[in-house]
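Before any comments, here is the structure.
The values are calculated or read from the model by the stated rules, or taken from the named source; none is laboratory data. Just so you know, these numbers come straight off a predicted model, no measurement behind them. Cβ sites come from the backbone with ideal geometry, for glycine too, and all protein chains shown count toward neighbours.
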There are 2 protein chains.
Amino acid sequence: MTKPLKIAVAGLGTVGAGTIKLLFDHADMISARCGRNIVCTAVAARNRAKDRGVSMTEQQWFDDPVTMAAQADADVIVELIGGSSGAAKAVCETAIAHGRHVVTANKALLAVHGNDLARLAEDAGVTLAYEASVAGGIPIIKALREGLVGNKISALSGILNGTCNYILTTMRETGRDFSDVLAEAQQLGYAEADPSFDIDGVDAAHKLTILSSLAFGHKLDFAAVKSEGIRHISAEDIRLAGELGYRIKLLGIARSTEHGIEQRVYPCMVPLASPIAQVEGVFNAVEVVGDYVGRSVYEGRGAGAGPTASAVVADLVDIALGRSSPTFGIPATKMKPAVFADPGKHLGAYYVRLMVRDKPGVLADVTAALRDENVSIESVIQRSRAPDGVVPLVMTLHETEEANVTRALARIEELETVTEPPRLIRIEGV
Amino acid sequence: MTKPLKIAVAGLGTVGAGTIKLLFDHADMISARCGRNIVCTAVAARNRAKDRGVSMTEQQWFDDPVTMAAQADADVIVELIGGSSGAAKAVCETAIAHGRHVVTANKALLAVHGNDLARLAEDAGVTLAYEASVAGGIPIIKALREGLVGNKISALSGILNGTCNYILTTMRETGRDFSDVLAEAQQLGYAEADPSFDIDGVDAAHKLTILSSLAFGHKLDFAAVKSEGIRHISAEDIRLAGELGYRIKLLGIARSTEHGIEQRVYPCMVPLASPIAQVEGVFNAVEVVGDYVGRSVYEGRGAGAGPTASAVVADLVDIALGRSSPTFGIPATKMKPAVFADPGKHLGAYYVRLMVRDKPGVLADVTAALRDENVSIESVIQRSRAPDGVVPLVMTLHETEEANVTRALARIEELETVTEPPRLIRIEGV
């Protein structure tokens, strides 16, 4: 048998401990599948005393992960610290500088510094692997980069954030409001104390940055992802979506259009019968459309110790077997900046909810504004009555350029009878 | 740039022509992703004159694929002839004997001779790749063998035959009978003139043999797959399934149980809300349950020139980049025969449809037979009345060992009031 692959783990949260546990539990199986053992020789974390549910007596302990990345007796450094800069970045750079492979679950780091890190790794002849960074245990990086390698990808879209999907699912199932469900999710540990990375779409945007680059072969460009979170989604929107035959999901969408690449994160309505509408709770799913393969969908748990450890170990086995790929599908030196589409050029259908005073003439004013911007209405729902009170006025709009809708809504917002900023939710997949 | 990877294609049906077209259409993209070109240097097929929609003037032409496997100027032989023996087998053996890699879409060949071929390839130090053999363009082989490599798999189940899924979907949507829909599928080219391989579950059993071996690490054993097709599914069964909250799907299921491996193909009822119930028409899907990753689902087009070519090219790129794996996840020399579970030990719920004379006492006789075999009834539907005529009597049975149900149904079949053999459909995923 070939000599063992030695790994050192930086960061011993649930994922780090889960990875060590997996390698221990399945040592024989992994050894049979790799033809060699994978052993953890070193770990780095702050608190040595904490019980992490796995024995860590065999490993050399480092208080400083960067020191470990430089000094550990290891072929691979597994970076599970997180964050787009600081220690995580230093660990990866130091590991590469010392000729060690890097396995990371850190989407923020890759989204922001992926181009540079890939270049460094490729120059050093080491692997930078990151299956765990997107969609947890779903092997979506491998599917896109290797399984669908023969395809020109035209679009991908995914439920990339389990926290948002859990909140939207629970809002739908219970009819409760966003803030109420968020508070519960925080209590249950499904949402962070500071939930903004998740619910404002930042986490999904990090992941989309990676997937978009893999799909289309351009440089990663997190700053170019236009993203919008789910804070403004009301229980009423969720109920109306169901009534209209849709379900609201936070999607990350990357699409190749005649105007360039669209790379966006937003809550949108998807048809109830679509596979992605059925993906509920903490599950993630990614739909990919390729020119030869057609549509394919990948679904599974998007986070958690087990699924993430599963992805980390898949990367380790690739390294153990000497399987490697250009980091983002093509060599980093060949990746060009993307030409991004103007978001205003987005062609789509839309759901619009207005809060209006229940007075004669409101609908005439609203529809005139839409007509003037060449936006055509598919359906109108105005059911509740509250003479001189405020009622929702809901419309779905036919496919049109987003800029037209934006202009129309700006005019509508100025109307004296419209009491709140209009809410727009894009309709996808129709 | 490294020198080109040269391939020779045996069999120029739609998949062979599709593969050559893909390599031509996407030559630049593939070259960027592999760091080298993939060129087709030779082809073998019987009819040289046929228009296949792609130019084949650059390739050396062989009338005999086995001669090509021995003599072509190629690193890889792509076997797209089909069939579990004859030319396909000889092509693969000859290629391996000449130190060439093999890429095949041939599930029948692998299901029957996969153990020997893997051994030959591994001894020769060449790759035997077969992503295209199961579930068309879905990279399920790669997902199982590489993406989920860190998991102990407990179960997998899949819609593995697009023809059956198309027939069952159409029966449900139109209310028409099996034979009627089959005839139409044959006219549309979705079913073969001799459809028995598809509709009797043989094709799904070939694919399940491969997936089961990958999931559990045992030798391939096609003869041990117990399979049952969809000929006996009636329009009435489909309608009743819907009424009971299920959809009927032909599933291939491999499961690790305390009695050994279950490896079976049969039509079954799955809950309407399950992801697999939503997979319709010619789509395939595979659900895999691993101990760390949990449940994950892979869905896409299960057949056709484009998806299959996509899978063939994924294998070629792996070879071009020098990425290899033990053929079935662990070296062929280490694969042991599986211990299979006695099918009678299967624990499950069941749907049973009897055709009975509408006479007093029928239900008493039927329920007595079930009671005597310790089978307990969950629900009974006997709605239509036709005094002294024949009516359906439908029951769902609580989870129990299949042997008990089989014995009870044998007794029920003997009843003078029961006019046809009882129809049993297993209920899965509850």
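Tell me, yes or no, whether the stretch A:126-140 has at least one residue that is surrounded by 24 or more Cβ atoms within 10 Å (Cβ to Cβ), more than 14 Å from every other protein chain (Cβ to nearest Cβ) and more than 20 Å from the chain's Cα centre (by Cα).
Within the stretch A:126-140 (the criterion being surrounded by 24 or more Cβ atoms within 10 Å (Cβ to Cβ), more than 14 Å from every other protein chain (Cβ to nearest Cβ) and more than 20 Å from the chain's Cα centre (by Cα)), the answer is no, since none of the residues qualifies.
Need pairs with beta-carbon distance below 7 Å; first residue more than 12 Å from A:LYS107 (Cβ to Cβ) and within the stretch A:208-223, second among the polar types (S, T, N, Q) and crowded, with 24+ Cβ neighbours inside 10 Å; sequence gap 6+ or separate chains.
Close Cβ pairs (under 7 Å, with a partner that is among the polar types (S, T, N, Q) and crowded, with 24+ Cβ neighbours inside 10 Å) amount to A:SER212/A:GLN263; A:LYS219/A:SER213; A:ASP221/A:THR209.
Going residue by residue through the stretch B:143-158, is there one that turns out to be modelled with pLDDT of 95 or more, in a helix (DSSP H, G or I), more than 14 Å from chain A (Cβ to nearest Cβ) and surrounded by fewer than 23 Cβ atoms within 10 Å (Cβ to Cβ)?
no
Are any of the residues in the stretch A:348-371 under 30 Å from B:GLY137 (Cβ atoms), surrounded by 15 or more Cβ atoms within 10 Å (Cβ to Cβ), more than 10 Å from every other protein chain (Cβ to nearest Cβ) and more than 20 Å from the chain's Cα centre (by Cα)?
yes
Filter the stretch B:264-307 down to the residues that are within 20 Å of B:ALA241 (Cα to Cα) and part of a loop (DSSP other than H, G, I, E, B) and list them by number.
The answer is B:LEU272, B:ALA273, B:SER274, B:VAL279, B:GLU280, B:GLY281.
Tally up the residues in the stretch B:273-309 that are modelled with pLDDT of 95 or more and at the interface with another protein chain (Cβ under 7 Å from one of its Cβ atoms), please.
Count: 14.
Hey, any hits in the stretch B:190-209 for a residue that's buried (at least 24 other Cβ atoms within 10 Å of the Cβ), among the hydrophobic types (A, V, I, L, M, F, W, C) and in a loop (DSSP other than H, G, I, E, B)?
no
State whether one or more residues within the stretch B:92-106 are under 25 Å from A:LEU148 (Cβ atoms), more than 9 Å from chain A (Cβ to nearest Cβ), of a type in the set (A, V, I, L, M) and under 17 Å from the mean Cα position of the chain (by Cα).
yes
Is there a residue in the stretch A:325-339 that is of a type in the set (Ser, Thr, Tyr), within 14 Å of another protein chain (Cβ to nearest Cβ), more than 23 Å from A:HIS232 (Cα to Cα) and crowded, with 21+ Cβ neighbours inside 10 Å?
Scanning the stretch A:325-339 turns up at least one residue that is of a type in the set (Ser, Thr, Tyr), within 14 Å of another protein chain (Cβ to nearest Cβ), more than 23 Å from A:HIS232 (Cα to Cα) and crowded, with 21+ Cβ neighbours inside 10 Å.
Considering the stretch A:279-324 alone, what residues qualify as being outside the structural domain of A:ILE159 (by TED's automatic domain parsing), surrounded by 24 or more Cβ atoms within 10 Å (Cβ to Cβ) and of a type in the set (S, T, N, Q)?
A:THR308, A:SER310 - these are the residues of the stretch A:279-324 that are outside the structural domain of A:ILE159 (by TED's automatic domain parsing), surrounded by 24 or more Cβ atoms within 10 Å (Cβ to Cβ) and of a type in the set (S, T, N, Q).
Being more than 14 Å from chain B (Cβ to nearest Cβ) and at positive phi is the filter here, so list the residues in the stretch A:1-52 that pass it.
Of everything in the stretch A:1-52, just one residue is more than 14 Å from chain B (Cβ to nearest Cβ) and at positive phi, namely A:GLY11.
Tell me which residues, restricted to the stretch B:400-430, are assigned to a strand (DSSP E or B) and under 14 Å from B:VAL352 (Cβ atoms).
B:THR400, B:VAL418, B:ARG423, B:LEU424, B:ILE425, B:ARG426, B:ILE427
Answer yes if at least one residue in the stretch A:367-375 is polar (S, T, N, Q) and without any contact (Cβ under 8 Å) to a residue 12 or more places away in the chain, and no otherwise.
Looking for residues that are polar (S, T, N, Q) and without any contact (Cβ under 8 Å) to a residue 12 or more places away in the chain, one finds at least one in the stretch A:367-375, hence yes.
Can you spot a residue in the stretch A:229-252 that is of a type outside the set (D, E, K, R), within 20 Å of A:VAL297 (Cβ to Cβ), within 14 Å of chain B (Cβ to nearest Cβ) and crowded, with 18+ Cβ neighbours inside 10 Å?
no
For A:VAL286, only one of the following conditions fails: (1) touching a residue at least 60 places away in the same chain (Cβ under 8 Å); (2) more than 17 Å from A:ALA143 (Cβ to Cβ). What is its number?
Every listed condition holds for A:VAL286 apart from (2).
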